[in-house]
1. May I ask you to order 164-177, 116-129 by the average number of other C-beta atoms within 10 Å around their residues, highest value first?
2. At 7 Å along the Cα-to-beta-carbon direction for both Gln66 and Met5, put a label point, then send me their distance in nm to one decimal.
3. Which stretch or stretches of region 141-177 have amide N atoms under 18 Å from the point lying 7 Å from Glu117's Cα along the Cα→Cβ direction?
4. What length, rounded to one decimal in nm, is gained on full extension from Lys166 through to Tyr141, with 0.36 nm per residue of separation minus their alpha-carbon distance?
5. Separation between the Val124 and Val158 pseudo-spin-labels, each 7 Å from Cα along Cα→Cβ, expressed in nm?
6. If you roll a 1.4 Å probe over the heavy atoms of the protein chains, what accessible area per residue do you get for the chain, in Å²?
7. Nearest 10 degrees, 0 to 90: what angle lies between the long axis of helix 19-41 and the longest principal axis of the chain (Cα atoms)?
8. Quick one: which residues, 5+ away or cross-chain, put their amide H under 5 Å from the amide H of Glu143? H built at 1.01 Å from N.
Amino acid sequence: MSMGMSDADLIARVLDGDPRAFAALAGRHYDGCARLAYRMLGNRQDAEDALQETLLRAYRALGRYQERELFRAWLYRILVNQCRTLGARRARMDGRLVRDDQAGERSAGESSERREELRDAFQVALEELEPKLREAFLLKYGEGFDYVEMSRITGVGVSALKMRVKRACDALRPRLEGMLRES
């Protein structure tokens, strides 16, 4: 159904009562949202919970949605807020180390054990970032948003986001350089 249809076209169909259109719209953005939620929360079940709540809230609020061509940024704003809320709640309930079983690039010649070690170390380095820095870093480099889109998603000014991304990179750089020297 969604082939060749813009987000705005699908939204119009949803508002006209076609539930399959929302399924197509959600399916179009599901993988990216799931990836960001997982990276922000560090737990697959928490990420799935945040994503399901995000889709439910988006569906319920679709009638009030005005920026038809910027649906992706609107959806990610809902998701980021859900992740912030759930992450804060979970952090109060328990402290845990974040692990990502599928993150990281696989390069030929590296053993799977070494890839896993690097992946885990990178995830730990991400987790050690202040949440606002991690969020900005993941939106920029994990999801490929530009700063204007990031601003719409987070409600934070472009210059502040640029500074957050820079600070995240500055904090990650020594950790990543150390990991690469060891390999």
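1. Numbers: 164-177: 15.5, 116-129: 17.4.
Highest-to-lowest ranking by the protection proxy: 116-129, 164-177.
2. Each label point lies 7 Å from its Cα, and together they span 2.5 nm.
3. 175-177
4. Values: separation 25, 0.36 × 25 = 9.00 nm, distance 1.16 nm.
The Lys166-Tyr141 span can extend by a further 7.8 nm.
5. Reported label-point gap for Val124 and Val158 is 3.9 nm.
6. Details: 10230 Å² over 183 residues.
For the chain, the solvent-accessible area averages 56 Å² per residue.
7. That works out to roughly 20 degrees.
8. Distant-sequence amide H within range of Glu143: zero hits.
The values are calculated or read from the model by the stated rules, or taken from the named source; none is laboratory data. Note that the coordinates shown come from a computational prediction; the quantities given were computed from them, not determined experimentally. Cβ sites come from the backbone with ideal geometry, for glycine too, and all protein chains shown count toward neighbours. In case anyone asks, the SASA skips ligands and DNA or RNA and just uses the protein heavy atoms, side chains included. Shrake-Rupley method; radii C 1.70, N 1.55, O 1.52, S 1.80 Å.
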